[in-house]
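Here's the structure, in structure tokens; my notes come after.
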Amino acid sequence: MHPAKLSKIFHLAYPAIQKLPLDWQVKLMSYGRMKFMKEFCDYIPKAQFIPHDDYAVNAWGLKFGSPLMNSAGMFKNGEAYDTVAKLGAGGYIGGTSTANARSGNAKNGITLPFITLPNSDVAVNWLGLPNLGDDVLVQKNITFNKVDGCPIGWSLMRSPDYDEDVGLQLLIDSLWKYHNHPQIDFIEINESCPNIKAGGGNIIARLQVIADEFLNKRERKLPVVVKLSNDLSMSSLEEILTALVKLGFDGINLGNTSTNYADLINKISNHNENKLFDYFVNNYGGGVSGKLLKDNSLNLCTHSAEILSKINPGYEFHIIRSGGVEYFADVKASLENGATLVQWYTGFFAAYNLHRDKVYANIFAK
Ligand SMILES: Cc1cc2nc3c(=O)[nH]c(=O)nc-3n(C[C@H](O)[C@H](O)[C@H](O)COP(=O)(O)O)c2cc1C
């Protein structure tokens, strides 16, 4: 079935779905997400949309057709490049992958728990990094039709299934493997997944090891950015940003989902969605995405730009914004506040439901 049809059916059925017991709603939405993603990844739009040249962005010598692309986690195994490139995405990112294959989280008979709250433009996921593992994914041909203006990024992270030191060495091995993948144009290191067992350790010490053992030894131009959480405090941001520049990283992504449930729940005014949110975060946890992150992600970008103007990297260091992006106005605000590139996830699927194959055309219509 056409993925847009599936999306429409879900939205038409949503008032009835909201009357179901909460555990049924979680079951249905988790299953529905997987079914929808399968259809979406297999679907190739007929027409190619190319954003007007005025929107093109040059970063690190790469041409992005527009600043806007998917954020990590949408195509965990490198699927759907051809789909989003045809829709007119300004770039593409696959992953997040890990050194070992992971099946992701399951609980209460539910695989890859997920809810969407369409009236609040919010989603919560507790997927737990399902992916085929780097040894398989580095072999993957992502596309036979690479589009000029749609570069390919790859997101990877230290696997939570190993102690910090072992996990870090495996991450470095994987970085070298993706370094040698001819289709990959940039790398994003995910330092922010909320859906795995805690074990954060010291991020700056880890970044130092990555710089020593990978960044400073790269044999081709392969920009590396680090993705952090939207929950990052302004003081941690300054410390990490300063370290990223000192170590020679190429950018920062702000950021990943939030686990600030106590604050976020007060902002969900729809009664039924508030109840489902409360049920989900209490039974599964997970990372919150969508509109509720909009202000925070923009503030983090603005603050990053201020810090960068003080520390003056003296080389190309870019800010990527991710969190609550829905409309052209969000893209514009991102660029005006220091971001070079913008990513969307929750807002993409809301817009896809409305505009189908014109999801990017609607944003970048001239
Ligand atoms: C279902 C789902 C899975 C995600 N998986 C990943 C992931 O594997 N890696 C990652 O860096 N971010 C992941 N994210 C976070 C998104 O990339 C993005 O940073 C976050 O959702 C905020 O953007 P949004 O408000 O546009 O959704 C995921 C988000 C969702 C909703």
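All of the numbers you see were taken from the coordinates with simple rules; none came from a lab. This is a predicted model, so every value here is computed, not measured. We place every Cβ from the backbone using ideal geometry, glycine too, and count neighbours over all the protein chains shown.
A few comments on the model shown:
- If you run the Gaussian network model on the chain, springs between alpha carbon atoms under 10 Å, then out of Lys86, Lys38, Lys76 the most flexible one is Lys38.
- The GNM of the chain, with springs linking C-alpha atoms under 10 angstrom apart, assigns the highest mean-square fluctuation among Lys63, Lys246, Lys19 to Lys19.
- The relative contact order of the chain, computed from alpha carbon pairs under 8 Å that lie at least 6 residues apart in sequence, is 18 percent.
- When the Cα gyration tensor is reduced to axis lengths a ≥ b ≥ c, the ratio a/c is 1.5 or higher for segment 80-170, and with a/b not above b/c it is classed as oblate.
- Segment 268-280 - phi-based ³J(HN,Hα) in whole Hz, Karplus 6.51/-1.76/1.60, Gly and Pro as x: 9, 7, 5, 4, 5, 6, 4, 5, 5, 4, 4, 4, 5
- Kirkwood radius for segment 212-306, taken over all pairs of different Cα atoms as the inverse mean of 1/r, rounds to 15.4 Å.
- The ranking of Arg321, Arg102, Arg158, Arg220 from fewest to most other beta carbons within 10 Å of each one's beta carbon is Arg220, Arg102, Arg158, Arg321.
- Rounded is the label for the chain, because a/c, from the alpha-carbon gyration tensor with a ≥ b ≥ c as root eigenvalues, stays below 1.5.
- Long-range HN-HN contacts of Ser155 with modeled amide H, under 5 Å: Gly94, Gly95, Ser97, Glu188
- Cα-based Lys pair tally, segment 234-352, threshold under 14 Å, eight or more apart or on separate chains: 5
- Taking the charge dipole of the chain about its Cα centre, with +1 at Lys and Arg Cβ atoms and -1 at Asp and Glu Cβ atoms, the residue from Ala85, Ser309, Leu62 reaching farthest to the positive side is Ala85.
- Sorted ascending by nearby beta carbons within 10 Å, beginning with the fewest, His271, His355, His181 become His271, His355, His181.
- Projected over every direction and averaged, the convex hull enclosing the alpha-carbon atoms of segment 120-238 yields 9.6 nm².
- Per residue convex hull volume, Cα atoms of segment 8-147, in Å³: 141
- Ranked by how many other Cβ atoms sit within 10 Å of their own Cβ, fewest first, the residues Tyr360, Tyr261, Tyr352 fall in the order Tyr261, Tyr352, Tyr360.
- Within straight-line reach of Lys63, meaning a Cα separation under 18 Å, sit the following lysines at least 8 residues removed in sequence or on another chain: Lys86, Lys146, Lys221.
- In segment 1-85 the Cα-Cα distances spread across 10 Å bins starting at 0 as 14, 34, 30, 16, 6, 0 percent of all pairs.
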